[in-house]
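Worksheet for the structure shown next.
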Number of protein chains: 2
Amino acid sequence: MEITELRTPCLILDEKKFRDHCNWMKDKCKRLGVNLRPHLKTGKSREVALCQMISQEGPATVSTLLEAENFFSWGVRDLIYAVGISPSKFSRAAELIKKGCRLKVILDNVETAKALSNFCEKSHIEIPVLIEIDCDGHRSGVKPVSPDLIGIASALTDGAKLVGVLTHAGDSYGCVGSKACRKAAENERDSIVLAANRLKEAGFNIEIISVGSTPTATFAENWAGCTEVRCGVYCIGDLVMAGVGVYKLEDLALSLLVEVIGHQKEKGWVITDGGWMALSRDRGTASQAVDYGYGAVCDVNGKILDNLYVKLANQEHGVIVNRTGEAISPEDFPVGTKLRILPNHACAMAAQHHSYHVVNDGKVIAEWPRFCGW
Amino acid sequence: MEITELRTPCLILDEKKFRDHCNWMKDKCKRLGVNLRPHLKTGKSREVALCQMISQEGPATVSTLLEAENFFSWGVRDLIYAVGISPSKFSRAAELIKKGCRLKVILDNVETAKALSNFCEKSHIEIPVLIEIDCDGHRSGVKPVSPDLIGIASALTDGAKLVGVLTHAGDSYGCVGSKACRKAAENERDSIVLAANRLKEAGFNIEIISVGSTPTATFAENWAGCTEVRCGVYCIGDLVMAGVGVYKLEDLALSLLVEVIGHQKEKGWVITDGGWMALSRDRGTASQAVDYGYGAVCDVNGKILDNLYVKLANQEHGVIVNRTGEAISPEDFPVGTKLRILPNHACAMAAQHHSYHVVNDGKVIAEWPRFCGW
């Protein structure tokens with residue numbers, strides 16, 4: 001099938017770029033002696049996951065229990081649900097474990113540790129737990145030096161079984177360049193190793209020492225003391241990751257196919273059917289050196305059209321302008337022209353769609369379904 | 001079912017507020033002597049649409065051909081697809097018309113008018129067309145005074161049958177207060193009436209003269225010369241509409257149910273499972289007088305908690321802070337606490353979900369499915 005036969009707007013996944021990114025990270029983790037536990041939250045697709053993982057059974061990371069349930073139903077056995085669990089989700093996690101899923105949950109406070117321990121006692125179930133460590137103040141987690149760390153570990157009793165520690169260098173998304181990312185990676189590693197050592201010294205059994213974010217996983221040079229690396233958007237890439245320095249624009253594997261539906265000649269605008277519903281409202285590049293609005297513009301074959309970007313977006317309209325201020329001539333992009341838009345944030349754009357149209361050598365070779373929801 | 005039994009994150013629709021908004025707009029349009037053609041793009045739900053429309057057969061407005069197909073399959077007959085049509089969508093629109101849908105399309109340029117005329121000639125089909133008028137420079141459309149207007153009408157030949165004109169006062173979303181919205185409504189009406197009159201004087205048959213946006217539809221006092229009004233988000237409301245002055249916070253019918261999953265005590269943060277995946281990345285209030293971050297916070301019963309808002313959001317984490325800078329005490333919102341978040345933009349938040357949990361008098365009385373895609 002030709003790309004031009006697809007209904008717009010829709011997602012295009014460049015198979016070669018995607019597989020290259022997957023393989024690069026597999027090779028790196030192997031070389032540095034850590035397990036790769038890819039995050040499946042970007043793709044939310046069986047086919048994407050199969051290419052990311054080192055085996056059909058995992059290991060892998062998920063951001064929702066629906067992801068855990070779906071990927072388990074497709075054969076993935078070793079999963080970490082890497083968002084702090086809360087009481088109303090205990091029984092759903094337990095159901096998966098009863099079915100044979102080696103699901104691990106995370107938490108960062110004594111309150112949840114006690115509640116989970118009570119739940120496990122009452123339900124006669126063992127739930128493996130990692131304590132979430134805050135390495136950079138980005139969001140959740142307990143500081144590696146916090147007195148609470150030992151308190152949380154001690155509050156895990158009965159079936160709530162401490163198996164490890166986990167951190168995510170979320171602040172690395174704000175880094176620019178390899179040096180800054182490497183520094184974030186070193187801090188991520190130092191933090192998790194410190195937390196693991198404190199727990200080990202206090203007599204706790206720590207098997208899994210888990211780090212990861214795409215910027216730190218890409219630039220880290222040393223994972224000594226860590227057992228595994230998690231990362232997600234590395235497999236696809238986006239403009240934010242390009243701004244961080246992880247990728248060049250031509251490496252990005254995901255784009256939105258759109259069609260020109262009109263112009264505003266006087267303003268030099270090209271208007272397409274790719275609005276924020278299809279691109280997502282993500283404006284991640286707004287705080288970076290180059291602000292791409294709602295996305296950078298390529299021709300239908302994926303060739304980057306310098307200076308063109310989606311400056312404005314309504315629900316089903318995208319407005320492309322030239323960054324130089326020069327008006328775009330309607331003759332250059334007549335109504336019906338197909339274009340491809342590179343997203344600010346692949347996780348956010350992909351979430352607006354039900355499938356990826358996989359393209360290789362200019363042809364659409366497959367449609368990979370994806371899912372949404374919780 | 002109790003609200004607290006729902007899985008988080010999920011949408012809550014307050015039935016009474018929603019039905020009141022629907023009825024208010026029906027009454028207003030009746031009183032002012034225009035047809036209400038509600039936009040179904042916010043709800044994307046059969047049940048929401050049935051309450052918005054004056055009859056099960058419509059009229060109604062849609063933003064995608066998938067909406068047209070779905071609502072037609074549920075019995076809606078009179079539809080306007082209110083995004084400029086482009087060549088690759090002609091045959092899909094024609095299919096609906098062949099099945100008996102009274103679908104009308106819009107366009108704003110000679111190029112598309114000619115292409116559609118050719119298509120209709122070759123396909124032996126009649127497709128009713130409205131010319132899109134640009135009343136405020138917001139996005140698409142031809143200016144009412146433009147010489148192109150008559151050219152577009154003249155380019156519609158064969159089955160491409162001109163039936164009317166349509167405009168959308170998109171810039172009214174930037175208005176604050178009733179006076180500014182009324183001015184935008186007057187401009188919207190003046191523009192469309194001017195365009196309609198120019199076409200009539202040139203000998204064209206103009207049956208439908210269509211205006212609409214929630215701010216202008218709410219505050220307009222005079223629709224003389226217009227035949228119908230389109231609006232969508234009025235039926236639900238959101239923080240952006242509250243900032244415009246259309247609603248008070250307590251009128252908003254849609255919220256996201258979330259659960260507290262942790263805290264950062266030192267920072268005074270409450271962390272929930274409602275991240276940007278569930279709230280959307282929309283930051284519509286960022287440019288308004290009160291910036292609500294990713295949403296305003298209510299208790300589980302919908303009571304607004306003054307000064308609390310979702311300042312930060314990751315994919316599956318929302319961070320609630322107090323606007324005054326005062327730290328929120330974890331004891332006030334222990335892990336497991338359910339809260340409700342009012343969205344910046346109802347269309348964007350709803351699009352992240354598969355259903356609405358309809359609440360009346362504190363009980364969940366129904367689950368209304370919704371759809372996504374194109």
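Based on what the data block shows, is residue B:236 within 20 Å of residue B:108 (Cα to Cα), touching a strand residue (DSSP E or B) at 6+ places or on another chain (Cβ under 7 Å) and at pLDDT 95 or above?
No: the conditions fail for residue B:236.
Mind listing whichever residues of the range B:276-296 are touching an Asp or Glu at 6+ places or on another chain (Cβ under 7 Å), of a type outside the set (Lys, Arg) and in contact (Cβ under 8 Å) with a residue 60 or more places away in the chain?
B:277
Could you grab me the full set of residues in the range A:192-213 that are under 24 Å from the mean Cα position of the chain (by Cα), assigned to a helix (DSSP H, G or I) and touching a residue at least 40 places away in the same chain (Cβ under 8 Å)?
A:192
Name the single residue, out of those in the range B:42-52 being buried (at least 22 other Cβ atoms within 10 Å of the Cβ) and of a type outside the set (S, T, N, Q), that is nearest to residue B:349 (Cα to Cα).
B:43
Conditions: (1) modelled with pLDDT of 95 or more; (2) in contact with a strand residue (DSSP E or B) (Cβ under 7 Å, 6 or more places away or on another chain). Residue A:139 meets all but one. Number of the miss?
Failed condition: (1).
Can you confirm whether residue A:26 is under 17 Å from the mean Cα position of the chain (by Cα), under 18 Å from residue A:167 (Cα atoms) and not assigned by TED's automatic domain parsing to the domain that holds residue A:340?
So residue A:26 fails the test.
So, of the residues in the range B:116-136 that are assigned to a helix (DSSP H, G or I) and more than 14 Å from every other protein chain (Cβ to nearest Cβ), which turns out to be surrounded by the fewest Cβ atoms within 10 Å (Cβ to Cβ)?
The qualifying residue surrounded by the fewest Cβ atoms within 10 Å (Cβ to Cβ) is B:122.
May I ask you to verify whether residue B:246 is part of a loop (DSSP other than H, G, I, E, B), in contact with a Ser or Thr (Cβ under 6 Å, 6 or more places away or on another chain) and not small (Gly, Ala, Ser)?
yes
What are the residues in the range A:98-115 that are away from every other protein chain (no Cβ under 14 Å) and small (Gly, Ala, Ser), if any?
Correct list: A:100 only.
Output the number of the condition that residue B:107 fails; it satisfies all remaining conditions of (1) closer than 27 Å to residue B:24 by Cβ; (2) surrounded by 24 or more Cβ atoms within 10 Å (Cβ to Cβ); (3) aliphatic (A, V, I, L, M).
(1) is the only condition that residue B:107 fails.
Is there any pair with a first residue in the range B:300-323 that is within 10 Å of another protein chain (Cβ to nearest Cβ) and a second that is among the basic types (Lys, Arg) and crowded, with 19+ Cβ neighbours inside 10 Å whose Cβ atoms are under 9 Å apart and which are 6 or more apart or on different chains, and what are they?
Going by the 9 Å Cβ cut-off, the qualifying pairs are B:312/A:139; B:313/B:281; B:314/A:139; B:315/A:41; B:316/A:41; B:317/A:139; B:319/A:139.
Can you tell which of A:158, A:148 is acidic (Asp, Glu), away from chain B (no Cβ under 14 Å) and either surrounded by fewer than 22 Cβ atoms within 10 Å (Cβ to Cβ) or more than 30 Å from residue A:284 (Cα to Cα) (or both)?
Unique residue meeting the criteria: A:158.
Taking the range B:253-273, which residues are at the interface with another protein chain (Cβ under 10 Å from one of its Cβ atoms), closer than 20 Å to residue B:356 by Cα and not in a strand (DSSP E or B)?
Passing the criteria: only B:273.
Among the residues of the range B:288-314, write down those that are surrounded by fewer than 24 Cβ atoms within 10 Å (Cβ to Cβ) and either modelled with pLDDT under 95 or assigned to a loop (DSSP other than H, G, I, E, B) (or both).
B:288, B:289, B:290, B:291, B:300, B:301, B:302, B:303, B:314
Determine, yes or no, whether residue B:157 is in contact with a helix residue (DSSP H, G or I) (Cβ under 7 Å, 6 or more places away or on another chain), in a loop (DSSP other than H, G, I, E, B) and polar (S, T, N, Q).
So residue B:157 fits the description; yes.
Does the range A:172-191 contain any residue that is assigned to a strand (DSSP E or B) and within 14 Å of chain B (Cβ to nearest Cβ)?
No, the range A:172-191 contains no residue that is assigned to a strand (DSSP E or B) and within 14 Å of chain B (Cβ to nearest Cβ).
Check residue A:352 against each of (1) more than 9 Å from every other protein chain (Cβ to nearest Cβ); (2) crowded, with 20+ Cβ neighbours inside 10 Å and name the one condition it does not meet.
Every listed condition holds for residue A:352 apart from (1).
Do you know which of the residues in the range A:79-97 that are touching a Phe, Trp or Tyr at 6+ places or on another chain (Cβ under 9 Å) and closer than 13 Å to residue A:123 by Cα is farthest from the other protein chains (Cβ to nearest Cβ)?
Among residues in the range A:79-97 that are touching a Phe, Trp or Tyr at 6+ places or on another chain (Cβ under 9 Å) and closer than 13 Å to residue A:123 by Cα, the one farthest from the other protein chains (Cβ to nearest Cβ) is A:94.
The values are calculated or read from the model by the stated rules, or taken from the named source; none is laboratory data. These numbers come from a predicted model, not from an experiment. Note that we place each Cβ from the backbone using ideal geometry, even for glycine, and neighbour counts take in every protein chain shown.
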